[in-house]
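Have a look at the structure below, then the notes.
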Amino acid sequence: MARPNRRDVLTDGEVQIVHCVNRCVRRAFLCGNDALTGRNYDHRRQMIRHRLEFLAGIMAIEVLGYSILSNHFHTILRSRPDVVRTWSDEEIVLKWWMLCPARRNHDGSPAQPTDHELRTLLANRHGIKEKRRRLSSISWCMRFVCERIARQSNREDNCTGRFWEGRFKAQVLQNDAAILACLQYVDLNPLRAGIARTIEDSDFTSVQDRIRDLQYAVAQHATGAAPSDATSSYASDPLPAAALNTAQAPVSDCAEAMATDQNHFDLAVEHGSRAGWLSPVPLEPQQQAVRVASTSRRASNKGFLALELGEYLQLLDWTACQISTHQRNAPPDQISPLFDRLEIPAELWVDSVLNFRRWFRSAIIGPETILNRNQNPAAKRLVLQQTSCHTQA
């Protein structure tokens with residue numbers, strides 16, 4: 001069956017949350033340790049992460065989560081055409097110049113545009129309208145990621161040809177349950193692939209970035225230190241030697257610490273040096289002032305889930321334990337209320353995360369088609385809920 005047309009999945013001018021996947025050609029380990037050639041390309045995983053972070057600070061595209069493996073990468077993106085409408089024509093032109101400069105410096109960075117160049121760009125009204133559309137387009141965001149990595153990698157290998165096997169796959173997420181299941185599916189990719197034992201060890205994932213900021217915040221909280229404002233970087237603040245061990249606290253301890261003093265940790269995890277470019281998790285943090293602080297690292301400070309980061313990490317930690325032990329135990333008391341709040345069958349949660357892409361292949365597949373694949377009555381209820389709700393705005 002042919003893949004759905006991209007225009008039937010992604011809609012310009014609407015806020016959408018989309019799960020995107022792209023693989024290396026022939027599924028070769030072109031971003032990891034290639035057993036065939038003996039070469040290691042792990043630095044390309046860092047290149048992809050840096051590129052995503054750079055684009056999050058330029059475009060009206062928010063990165064909700066990501067994971068980068070040896071032969072493919074996942075990312076969850078939210079388009080924000082509502083944000084790009086607030087930008088002036090001058091901002092549109094300057095942002096586009098950062099992405100596609102007419103001139104570059106010797107090191108490849110965009111050269112400073114001259115007044116004449118800016119006036120020429122501003123005079124093109126049709127061009128500004130098109131640039132405004134592209135700056136909130138998920139397709140253009142993925143193009144800027146994949147094209148840059150392919151060019152740099154081919155230059156390193158002194159070769160030409162394809163680096164990615166084809167156009168990226170896109171899957172629209174239609175409600176809280178779908179977003180949560182997909183985010184956990186993405187964050188647990190290294191653990192499911194057997195290249196990490198815990199979520200703390202899952203390199204090049206959004207959850208590791210959030211945990212690192214949280215661990216550092218726990219260490220600072222233990223010493224009584226606090227940043228002076230919402231833009232302070234926790235990782236740049238010095239810690240006493242006695243507190244360094246505290247910065248390696250397990251995620252379960254960090255989640256419990258957040259519950260005791262949520263106001264302190266809102267600032268740390270939402271503007272941390274590692275995850276400060278990612279979209280914050282909770283829609284409504286306890287400390288609303290952290291959302292007022294402006295940042296140039298992402299399009300906005302808006303969250304995307306109706307639960308706190310600590311609750312998300314506790315659920316992720318429990319799900320990871322079920323996957324690694326190959327068991328299906330009842331959720332603990334502190335997690336059970338989450339399933340009731342989100343109206344998700346607890347007995348199907350782990351399976352829905354493990355088999356997310358098989359259960360929900362495309363947002364445009366009709367409910368009756370998906371239901372035929374899932375004969376379990378509880379699974380049918382979960383699928384119906386995820387396919388009957390509107391996109392989270």
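The values are calculated or read from the model by the stated rules, or taken from the named source; none is laboratory data. Everything numeric here is computed off the predicted structure, so don't read it as measured data. Methodologically, a virtual Cβ is constructed for each residue, glycine included, from the backbone with ideal geometry; neighbour enumeration extends over all protein chains shown.
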Expected output for segment 283-310 (first residue closer than 20 Å to GLN208 by Cα and acidic (Asp, Glu), partner assigned to a loop (DSSP other than H, G, I, E, B) and at pLDDT 90 or above, Cβ below 8 Å, 6+ apart or cross-chain) is GLU308/VAL281
Out of LEU52, LEU77, LEU94, sole residue that is outside any strand (DSSP E or B), modelled with pLDDT of 95 or more, buried (at least 17 other Cβ atoms within 10 Å of the Cβ) and of a type outside the set (Lys, Arg):
LEU52
I'm trying to understand the selection: among the residues of segment 290-331, which are among the charged types (D, E, K, R) and part of a loop (DSSP other than H, G, I, E, B)?
ARG297, ARG298, LYS302, GLU308, ARG328
In segment 97-118, which residues are outside any helix (DSSP H, G or I) and touching a Leu at 6+ places or on another chain (Cβ under 8 Å)?
PRO113
Scan segment 332-356 residue by residue and report those that are under 22 Å from the mean Cα position of the chain (by Cα) and assigned to a loop (DSSP other than H, G, I, E, B).
ASN355
Checking the structure you have, find out if any residue of segment 100-118 is in contact (Cβ under 8 Å) with a residue 12 or more places away in the chain and hydroxyl-bearing (Ser, Thr, Tyr).
no
Note on PHE29: of the conditions (1) more than 18 Å from the chain's Cα centre (by Cα); (2) among the aromatic types (Phe, Trp, Tyr); (3) surrounded by fewer than 18 Cβ atoms within 10 Å (Cβ to Cβ), unmet is (3)
Criterion (hydrophobic (A, V, I, L, M, F, W, C) and either modelled with pLDDT under 95 or in contact with a helix residue (DSSP H, G or I) (Cβ under 8 Å, 6 or more places away or on another chain) (or both)) met by exactly one of VAL83, VAL145
VAL145
Would you say CYS159 is modelled with pLDDT of 90 or more and in contact with a His (Cβ under 7 Å, 6 or more places away or on another chain)?
no
Count of segment 315-334 residues which are modelled with pLDDT under 90, touching a Ser or Thr at 6+ places or on another chain (Cβ under 9 Å) and within 16 Å of LEU191 (Cα to Cα)
1
Flagged in segment 38-79 as touching a residue at least 12 places away in the same chain (Cβ under 8 Å), of a type outside the set (D, E, K, R) and farther than 24 Å from VAL25 by Cα, in numbering order, are ALA56, GLY57, ILE58, MET59, ALA60, ILE61, VAL63, LEU64, SER79
If I go through segment 300-342 residue by residue, how many of them are small (Gly, Ala, Ser) and touching a strand residue (DSSP E or B) at 6+ places or on another chain (Cβ under 6 Å)?
1
So ASP8 passes all but one of these: (1) of a type in the set (Asp, Glu); (2) outside any loop (DSSP other than H, G, I, E, B); (3) in contact with a helix residue (DSSP H, G or I) (Cβ under 8 Å, 6 or more places away or on another chain). Which condition number does it fail?
(3)
Based on this model, can you work out whether ALA123 counts as closer than 19 Å to HIS74 by Cα, out of contact with any strand residue (DSSP E or B) (no Cβ under 8 Å at 6 or more places or on another chain) and either surrounded by fewer than 12 Cβ atoms within 10 Å (Cβ to Cβ) or aliphatic (A, V, I, L, M) (or both)?
no
Among the candidates ALA306, ALA293, which residue alone is within 23 Å of the chain's Cα centre (by Cα), modelled with pLDDT of 85 or more and of a type in the set (A, V, I, L, M, F, W, C)?
ALA306
